[in-house]
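The values are calculated or read from the model by the stated rules, or taken from the named source; none is laboratory data. In this text, all values refer to a predicted model and were calculated from it rather than measured experimentally. With ideal geometry, Cβ positions are generated from the backbone for all residues, glycine too; neighbour counts draw on all protein chains shown. Just the protein is used for accessible areas: all its heavy atoms, side chains included, with ligands, DNA and RNA removed. Shrake-Rupley method; radii C 1.70, N 1.55, O 1.52, S 1.80 Å.
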Amino acid sequence: MSVIAANLQAVKNDIAAAAQQAGREASAVSLLAVSKTVSAERVREAFQAGQHAFGENYVQEGLDKIAALDDLRSRIQWHFIGPLQSNKTRPVAEQFDWVHAIDRLKIAERLSAQRPAGMAPLQVCIQVNISDETTKSGVPPKDVLALAQAVAALPNLRLRGLMAIPAPADDPAAQRQPFAALRELLDQLRQAGLQVDTLSMGMSADMDAAIAEGATLVRIGTAIFGARH
Ligand SMILES: *Cc1c(COP(=O)(O)O)cnc(C)c1O
């Protein structure tokens, strides 16, 4: 078995264990393999090991990989998970399946307008600044509902839920607190009548805490592909 295949299996085992610990079904947590800085050849290796959803942070790098793996296009879900500038929305709207880091209406409006007719709606999450750090991106919690309602009304987007990258914390209790806050925000959106089902939260270092608090999608890079250089 290749290193990538073995790592993928280990991550899936960890997801299953964390889900069981939380009294959840393992199948309720999907795995997004974060492939930023990873070559197209190594993404192909992960695909061959059974992984079909990949996350990219940088527009040009992502487009290059989508092109290099064009023969697999109909069987791969490409997620754009990085910050997105308004002058780079068009290729993302045209080529990706998901966008995780919507943090203002202008970006969502451009993505909707630029999504080609005939393609499935672009699946999107709103990024929340859950740890309230001035340096991190994302919309403040108090503004999430209004933005979610506006995004949900756009014709070529499908609002799926919320995403966050909390400040790093070492102990599990401290890791869980911001994930719990994101889960409560998703509940508020549901109570307001929005049909949302996705909590995109948890990375290699805090995946267990995220799953304990209800993550439905974990974004894992290092634990699958090794340390980035
Ligand atoms: C890089 C990245 C990840 C993956 O982080 P790892 O620590 O390598 O698992 C997840 N989400 C986002 C938004 C990232 O930029």
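Structure notes:
- The residues of the chain expose on average 47 square angstrom of accessible surface per residue, using a 1.4 Å probe on protein heavy atoms.
- Convex hull volume per residue, computed on the Cα atoms of the chain, equals 126 Å³.
- Calculated FRET efficiency for the pair ALA120/ASP70, C-beta based, R₀ 22 Å, to 0.05: 0.75
- Nonpolar atom fraction for the chain, defined as the carbon and sulfur part of the 1.4 Å probe accessible area, stands at 49 percent.
- The separation of the stretch 48-119 from the stretch 188-229, counted between C-alpha centres, amounts to 18 Å.
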